[in-house]
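Here, each number is a calculation from the coordinates, and none is a lab measurement. For clarity, every value in this text was computed on a predicted model and none was experimentally measured. No Cβ is skipped: glycine too gets one built from the backbone with ideal geometry, and neighbour counts run over all protein chains shown.
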Amino acid sequence: MIIAIDGPAGAGKGTLGLALASRLGLRHLDTGGLYRATALQILRSGGDPHDPETAERAARALDVALLGSADLRRPDVGTAASVVAAIPAVRQALLDFQREFANTPPGAVVDGRDIGTVVLPDAPVKLYVTASTEERARRRHKELLERGEASIYQRVRAEIEARDARDAGRAVAPMRKADDAVEIDTTDLSPDQVLARALAAIDARA
């Protein structure tokens with residue numbers, strides 16, 4: 001069982017991915033964490049995320065221990081992750097890791113931006129999770145405040161819009177809905193409602 005979940009930042013992919021993995025007894029991989037870890041590795045070494053050679057070296061020598069770091073959620077890491085994710089060599093370096101993870105029994109729930117279109121195009125179940133820009137910015141703003149971090153809604157929204165533009169406009173593996181993906185708009189749904197819709201979609205495909 002392989003479930004591919006795509007969609008923009010803040011739409012609820014990770015929450016749904018974890019819930020599905022728990023319900024179905026599968027492993028979960030947030031591929032955004034791989035790009036965030038690559039970005040964090042670059043920033044900690046004082047490197048430039050915009051430099052393709054620096055980014056590729058970091059991706060190929062990625063310390064998977066960083067996937068558990070709280071620093072992955074820092075705003076500057078998120079911005080840098082979006083930058084390195086647009087570099088073809090970085091995406092290629094991380095592609096094999098993602099495919100091997102997904103194809104190891106009993107399967108996995110994998111979420112990101114290009115899972116159903118590039119990483120796992122043959123996945124039997126593909127979901128595209130989205131939400132309005134306003135709602136995604138509201139969720140991110142609330143998350144930052146709850147963590148005790150300073151946050152200005154307008155700035156958060158501008159960062160999300162800029163990230164959407166980078167993710168959808170990059171030349172390699174741009175973010176888009178796969179032709180055979182089931183779209184779930186989470187704007188006005190609770191996590192339980194999103195999970196119910198996803199399970200219904202999975203049952204229909206199965």
* May I ask which residue of Ala165, Ala108, Ala137 lies farthest towards the positive end of the charge dipole of the stretch 94-174, with charges of +1 (Lys, Arg) and -1 (Asp, Glu) on Cβ and the Cα centre as origin? => Ala137
* Asked: the stretch 7-73 to the stretch 81-148: how many Å between their Cα centroids?
  -> 9
* Provide the per-residue ³J(HN,Hα) series for the stretch 176-181, in order, calculated from phi with Karplus coefficients 6.51, -1.76, 1.60 and θ = phi - 60°, each as a whole number of Hz, with x at glycine and proline positions. => 7, 7, 5, 4, 9, 8
* Largest to smallest principal axis extent of the C-alpha atoms in the stretch 47-162, angstrom -> 41, 36, 24
* To do: Using only C-alpha positions, report the orientation-averaged shadow area of the convex hull of the stretch 17-108, nm², one decimal.
  => 5.8
* Structure fact -> Mean-square fluctuation maximum in Gaussian network of the chain, Cα pairs under 10 Å, restricted to Thr104, Thr130, Thr117, hits Thr104
* GNM, the chain, Cα, under 10 Å: largest mean-square fluctuation among Gly12, Gly46, Gly25? -> Gly46
* For the chain, built as a Gaussian network whose Cα springs stay under 10 Å, the top-fluctuating residue of Lys13, Lys142, Lys126 -> Lys142
* Structure fact -> Rounded to the nearest 0.05, FRET efficiency between Ala61 and Lys142 (Cβ-Cβ, R0 35 Å) equals 0.50
* **Value of D in µm² per second that Stokes-Einstein yields for the chain, Kirkwood Rh from Cα pairs, at 20 °C (1.002 mPa s)** => 125
* Between Ser190 and Ala165, what FRET efficiency comes out of the Förster formula 1/(1 + (r/R0)^6) with R0 = 25 Å and r the beta carbon distance, rounded to 0.05? -> 0.30
* Count charges around Arg140 for me, please; just the other residues with Cβ under 9 Å from its Cβ, Lys/Arg as +1, Asp/Glu as -1. => +3
* Structure fact -> So the FRET efficiency between Arg74 and Arg99, C-beta based with R0 = 22 Å and rounded to 0.05, is 0.20
* To do: Give the dimensionless ratio obtained when the Cα radius of gyration of the stretch 110-206 is divided by 2.2 N^0.38 Å.
  => 1.22
